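Quick notes on the structure that follows.
Derivation of every value follows stated rules applied to the coordinates shown; laboratory data play no part. Keep in mind that what you see is a predicted model, and the values were worked out from it rather than measured. Positions of Cβ are backbone-derived with ideal geometry, glycine not excepted, and every protein chain shown enters the neighbour counts.
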Amino acid sequence: MTRRERVLEAIAHRETDRVPVDLGGMRSTGITAIAYGRLKKHLGITGGRTLVYDVVQQLAQPEQAILDFSGTDVVDLGRAFLDRDEDWQPFTLPDGSEAFIPAPFRWKRDNGGWLALGEGGEVIGRMPEGALYLNQVHFPLGDWDGRDLSVLERLPETMNRITWAVFPSPPWHKPLTPEHLRDIRERAKKLYKSTDYAVMAAFGGSLLESGQFLCRFDRFLMDLLDNPKKVSALLDRLVEMHIENLEKFLDAVSGYVQIIQMGDDLGTQLAPQISPRTYREVFKPRHRQIYERVLRRSGMHLFLHSCGAIADLLPDLIDIGVEIVNPVQTSAAGMDPARLKREFGRDITFWGGGCDTQTVLPNGTPCEVEAHVRGRLETLSPGGGFVFTQVHNIMPNVPPRNVEAMYRAVRAYAR
């Protein structure tokens, strides 16, 4: 059985020779650059270099030796890009180790930390000295009250300017010109033909998150209650933009990408960010418009990344076509893995939940990690519908011996 077949069989809710594994197939199943360097050293892997493809989250792009070590079955289409030395520039990680970040990323030093700059030189992100991640500080629509709708006419340019500055990979955040679309298709084809990995493409398509990134998190949540006209106008424009880009993107990658990843963080540690009623009235119909394009126009499987306590929203997500949910934050309220498998395991694939990253992976002993992973495999793998990955990214404070123990348990108990 090939790695691609293994993933597709799991999504079809059929048991395979072993549970498929993901490390770095999308931006919330990866490993931070500091943890990555420490893991390589622990494993005695020399050579290569740390490529930080996601500067905001400080995520390393796994090299082949690490993909082999983890038994990964899926890769991100974004790794087919930024494949030349000149696509990268040197960078110093917060622990002082050397790495590389995408060359288009604009940054400068600031009192021992870093500033991320937009195309016009504006500061859009800040990573103070001692911090491990980049925090957004610029909100393009932070002062918009919803009255001047011409702001929305310029929204594609606004989002491209900010998004491309912060996320130069994957490159389809750039305007999708015919030339660029041909390049995407050729690279997707090459990755598909030259490997047997399942290929995932991160499209995004967020609504709640986009509103928060544009307007500021607290302000957009308040707008949902006291400025519904502004919210409706913004969300309708976002849906229009997402669908326009999605149509082009699906044509470009059709036949070579098996999984398309959407993202919209709907949960917190204790509850959904918004009530189920608000989700059903405001967001669900708009999500449905976007997701239906994937289901009608491609053979790709629909993957949704949504952190937090989202159990109350899973019936709605299943109803609008979500086939795969990630990261399965089992430490959040109502997200007990046994309950999730019992109530939703026939209708959705759990891509994550394999190891708790809040307590067990950073703080447990290797023996505790192994026992924990074995229990998760026993709970989530029967009947298929499960792809192993830890809950969200492997953080800098995770001991490399625990990462090794996690994958040792997968090799021992995932068959």
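Here the label points at residue 150 and residue 269, each 7 Å from Cα along the C-beta direction, are separated by 4.6 nm in the simple model.
Listing 413, 291 from fewest to most neighbouring C-beta atoms within 10 Å gives 413, 291.
In percent, what relative contact order does the chain have, based on Cα pairs under 8 Å that are 6 or more apart in sequence?
Averaging sequence separation for qualifying contacts and normalising by length gives 19 percent for the chain.
So what does log10 I(q)/I(0) come out to for the stretch 314-413 at q = 0.12, 0.15 Å⁻¹, using the Debye formula with one equal point on every Cα and no solvent? Values returned for q = 0.12, 0.15 Å⁻¹ are -0.37, -0.56.
Dimensions of the stretch 1-111 based on its C-alpha atoms, expressed as ranges along the principal axes with the largest first, amount to 53, 29, 25 Å. When only alpha carbons are used to place a centre, the stretch 3-39 and the stretch 175-195 end up 23 Å from one another.
Couplings 3J(HN,Hα) of the stretch 5-20, computed from phi: 4, 4, 5, 5, 5, 5, 5, 7, 6, 10, 6, 10, 4, 7, 5, x Hz, in residue order, whole Hz [Karplus 6.51 cos²θ - 1.76 cosθ + 1.60, θ = phi - 60°; x for Gly and Pro].
Express in nm, to one decimal, how much length is gained between residue 41 and residue 123 on full extension, taking 0.36 nm for each residue of separation and deducting their alpha carbon distance. Mind showing how you got there, number by number?
Working: separation 82, 0.36 × 82 = 29.52 nm, distance 3.48 nm.
Between residue 41 and residue 123, full extension yields an extra 26.0 nm.
For residue 204, nonlocal amide neighbours, meaning residues 5 or more places apart or on other chains whose placed amide H falls under 5 Å from its own, are 261, 262, 263. Computed over the Cα atoms of the chain, the ratio of the radius of gyration to the Kirkwood radius (Rg/Rh) comes to 0.94. Can you check what the net charge comes to around residue 69, using other residues whose Cβ is under 12 Å from the Cβ of residue 69 (Lys, Arg +1; Asp, Glu -1)? Taking every other residue near residue 69 into account, the sum is 0. Return the whole-Å distance between the Cα centroid of the stretch 207-243 and the Cα centroid of the stretch 53-108. Each part reduced to its Cα centre gives a spacing of 31 Å. In the distance distribution for the stretch 236-276, Cα-Cα pairs more than 14 Å apart total 64 percent.
Using unit Cβ charges (K, R positive; D, E negative) and no other charged atoms, how large, in debye to the nearest 20, is the dipole of the stretch 292-386 about its Cα centre? Numbers along the way, then the final one.
Numbers: 9 positive and 12 negative charges, 57 e Å.
Charge dipole, the stretch 292-386, about its Cα centre: 280 debye, nearest 20.
Each residue of the stretch 103-116 was assigned a 3J(HN,Hα) from its phi angle through the Karplus curve 6.51 cos²θ - 1.76 cosθ + 1.60 (θ = phi - 60°); the sequence is 4, x, 5, 9, 8, 7, 6, 8, 6, x, x, 10, 10, 9 Hz, with glycine and proline shown as x. In a fully extended conformation the segment linking residue 333 and residue 229 would gain 34.3 nm over its present Cα-Cα distance, using 0.36 nm per residue. The alpha-carbon of residue 230 sits under 18 angstrom from the alpha-carbons of these aspartates and glutamates, leaving out residues fewer than 8 places away in its chain: 143, 145, 148, 153, 209, 218, 240, 281. Highest mean packing first, where packing is the average number of other Cβ atoms within 10 Å per residue, the peptides 77-83, 324-330 line up as 324-330, 77-83. Cβ crowding within 10 Å, taken as a proxy for footprinting-reagent exposure, orders 189, 229, 40 from fewest neighbours to most as 229, 189, 40.
Considering only DSSP beta bridges with both partners in the chain, what is the antiparallel share in %, to the nearest 5?
Values: 19 of 41 bridges.
In the chain, approximately 45 percent of DSSP beta bridges are antiparallel ones.
Mean-square fluctuation check for the chain, GNM, Cα pairs under 10 Å: which of 268, 389, 32 is largest? In this elastic network of the chain, the residue with the biggest mean-square fluctuation among 268, 389, 32 is 268. Amide hydrogen proximity for residue 387: with H placed 1.01 Å from N in the peptide plane, the residues at 5 or more positions away or on another chain lying under 5 Å are 350, 351, 352.
Among 118-131, 295-308, 346-359, what's the highest-first ranking by average C-beta atoms within 10 angstrom per residue? All intermediate terms of the calculation are to be shown ahead of the outcome.
Details: 118-131: 14.4, 295-308: 19.9, 346-359: 22.9.
Sorting 118-131, 295-308, 346-359 by mean packing, highest first, produces 346-359, 295-308, 118-131.
Beyond 16 Å, what share of the Cα-Cα pairs of the stretch 202-328 remains, rounded to the nearest whole percent? Walk me through the intermediate numbers first.
Working: 4826 of 8001 pairs.
Counting every Cα pair in the stretch 202-328, those more than 16 Å apart make up 60 percent.
Past 26 Å, Cα to Cα, is the threshold; run 41/190; 284/341; 108/248; 40/190; 41/108 against it and keep the listed order. Over 26 Å apart, Cα to Cα: 41/190; 108/248; 40/190; 41/108. Put simply, the amide H of residue 329, placed in the peptide plane, has neighbours under 5 Å in 308, leaving out anything fewer than 5 places away on its chain. Shown in residue order for the stretch 82-94 are the 3J(HN,Hα) couplings computed by the Karplus curve 6.51 cos²θ - 1.76 cosθ + 1.60 at θ = phi - 60°: 6, 9, 10, 4, 6, 7, 10, 10, x, 8, 9, 6, x Hz (x for Gly and Pro).
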